Structure formats: C-alpha cells, structure tokens
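Have a look at the structure below before the remarks.
The values are calculated or read from the model by the stated rules, or taken from the named source; none is laboratory data. In this text the structure is predicted, and so the values were computed from the model without any measurement. Positions of Cβ are backbone-derived with ideal geometry, glycine not excepted, and every protein chain shown enters the neighbour counts.
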Amino acid sequence: MKLVLCDKEFDFIKSEKDINYFNLSAMKISNCVGCFGCWTKTPGKCVIRDEAVKIYPLIAQSEKVLYISHIVYGSYDVALKTMFERAIPIQQAFIRILDNETHHVQRNVIEKDATIIGYGNISDEEKEIFKELVSRNAKNMNFKKYNVIFATIENVDEIVKKEFEKWEK
C-alpha cells in the first residue's frame with residue numbers, strides 16, 4: 001500500500017486501489033491533547049474521534065509514503081505536524097534503544113520507503129534543520145530508506161508529479 005499526505009491539493013493525485021491520498025489541510029483533524037489515552041485507555045486507538053482515525057492506521061500499514069509539506073522554520077507545516085502527532089497510537093508507550101538513542105516501540109508498523117518533499121522559500125539553515133528533523137523522524141516512523149527533496153512554491157507541483165510518476169512505473 002502507498003500513502004500520500006500533503007498540506008495542499010494536487011489535482012493529478014487520486015486515491016486508487018493501492019494509493020491513499022489525503023490533503024490534510026482540507027480535513028478536520030484536531031490537535032493531540034497529550035492525554036495518552038491511546039496508550040492507556042484505548043491502546044492503539046486515539047480517543048479523539050475525527051478524520052485522523054482513518055489515516056494513522058494507513059501510516060502504519062503503508063510500504064511507500066510521500067509526505068509533502070510547506071516548510072516553516074525548518075519544520076513541517078501545521079497540517080502534517082498535527083497528523084504526525086495524532087499518529088502516536090501506532091507507537092507503544094514503551095521505549096527502546098536504537099543507535100544509542102531512545103525511541104518508541106512500534107505497534108505493527110511496516111518498514112517504509114519514504115519521500116519527503118519540503119517546499120517554500122527555504123533558507124540553507126532551514127534545509128539543514130529539516131533534514132535533521134526527518135532523520136530523527138525516520139527512526140520513529142520506521143523508514144528503511146528515505147529521500148528529502150526541496151522545492152519552491154513555483155515548482156512544487158512539477159516535482160511532486162515527477163515523484164508520483166515513479167510510483168506508477
């Protein structure tokens with residue numbers, strides 16, 4: 001299964017048999033409230049019932065992911081960051097040591113090939129911060145390999161289309 005999460009509409013991407021596409025900016029996804037109910041009250045399930053509950057299981061089960069986000073201060077935009085925070089139910093409350101760092105134990109999360117496209121008027125410093133963020137996230141998101149691509153607002157559609165076409169081959 002393949003998953004596309006983004007913060008803007010891409011007309012050329014449609015959900016198909018093995019591709020799930022979500023424009024997060026058009027969805028109603030609440031912020032995580034930090035209650036840890038997904039670990040204690042309803043293990044593996046968020047207690048907030050909104051559109052995020054249909055996405056985080058797909059994050060766990062997807063073999064290929066394409067994440068597209070406007071970069072803000074070296075980080076994901078609000079829509080994608082909110083979704084990642086709400087995906088905490090796919091991790092357990094337990095901690096493991098990985099590469100001499102502490103990371104959560106995954107809850108049936110498939111290893112992923114990931115492409116992350118960050119776009120906007122991004123400084124070199126923001127690019128470095130974002131690459132470091134993705135490298136840290138890769139360990140918690142179970143990426144077996146990943147690629148970070150930067151785009152401008154003017155060429156993001158073209159770059160996304162190129163990456164998406166690679167999936168169709």
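Can you tell me how many residues in the stretch 114-155 are within 19 Å of Ile13 (Cβ to Cβ) and either among the small types (Gly, Ala, Ser) or within 17 Å of the chain's Cα centre (by Cα) (or both)? Number satisfying all stated conditions: 9.
Run down Arg96, Arg49 and say which single residue is of a type in the set (Lys, Arg) and either loosely packed, with under 12 Cβ neighbours inside 10 Å or under 26 Å from Ile122 (Cβ atoms) (or both).
Details: Arg96 fails: either loosely packed, with under 12 Cβ neighbours inside 10 Å or under 26 Å from Ile122 (Cβ atoms) (or both).
Being of a type in the set (Lys, Arg) and either loosely packed, with under 12 Cβ neighbours inside 10 Å or under 26 Å from Ile122 (Cβ atoms) (or both) holds for just one of Arg96, Arg49, which is Arg49.
In this structure, Glu85 qualifies as modelled with pLDDT of 90 or more and assigned to a helix (DSSP H, G or I).
The test for being under 16 Å from Tyr67 (Cα atoms) and either among the polar types (S, T, N, Q) or at pLDDT below 95 (or both) does not hold for Thr102. Test Glu85 against the stated conditions and say whether it is within 13 Å of the chain's Cα centre (by Cα), surrounded by fewer than 16 Cβ atoms within 10 Å (Cβ to Cβ) and either over 14 Å from Asn20 (Cβ atoms) or small (Gly, Ala, Ser) (or both). Yes, satisfied.
The residue of the stretch 110-128 that is surrounded by the fewest Cβ atoms within 10 Å (Cβ to Cβ), among those that are part of a loop (DSSP other than H, G, I, E, B) and touching a strand residue (DSSP E or B) at 6+ places or on another chain (Cβ under 8 Å), is Glu111. Scan the stretch 62-74 for residues that are surrounded by fewer than 21 Cβ atoms within 10 Å (Cβ to Cβ), of a type outside the set (Val, Ile, Thr) and either at pLDDT below 95 or touching a helix residue (DSSP H, G or I) at 6+ places or on another chain (Cβ under 6 Å) (or both) and the total you get is 2. Filtering the stretch 3-58 to residues that are outside any loop (DSSP other than H, G, I, E, B), free of Cβ contacts under 8 Å to residues at least 24 places away in the same chain and either aromatic (Phe, Trp, Tyr) or on the phi > 0 side of the Ramachandran plot (or both) leaves only Tyr21.
Out of the stretch 1-17, which residues are of a type in the set (A, V, I, L, M, F, W, C) and either surrounded by fewer than 17 Cβ atoms within 10 Å (Cβ to Cβ) or over 11 Å from the mean Cα position of the chain (by Cα) (or both)? Can you show your working first?
Pass one, the stretch 1-17, residues of a type in the set (A, V, I, L, M, F, W, C): 1, 3-6, 10, 12-13.
Residues satisfying the conditions are Met1, Phe10, Phe12, Ile13.
Those residues that are of a type outside the set (Lys, Arg), in contact with a strand residue (DSSP E or B) (Cβ under 7 Å, 6 or more places away or on another chain) and in a strand (DSSP E or B), I need them from the stretch 59-78; list them, please.
Once the filter is applied, which keeps residues that are of a type outside the set (Lys, Arg), in contact with a strand residue (DSSP E or B) (Cβ under 7 Å, 6 or more places away or on another chain) and in a strand (DSSP E or B), the stretch 59-78 yields Val65, Leu66, Tyr67, Ile68, Ser69, His70.
Taking the stated definitions as given, is Glu154 of a type in the set (D, E, K, R) and either in a loop (DSSP other than H, G, I, E, B) or buried (at least 17 other Cβ atoms within 10 Å of the Cβ) (or both)?
On the way: of a type in the set (D, E, K, R): yes; either in a loop (DSSP other than H, G, I, E, B) or buried (at least 17 other Cβ atoms within 10 Å of the Cβ) (or both): yes.
It is true that Glu154 is of a type in the set (D, E, K, R) and either in a loop (DSSP other than H, G, I, E, B) or buried (at least 17 other Cβ atoms within 10 Å of the Cβ) (or both).
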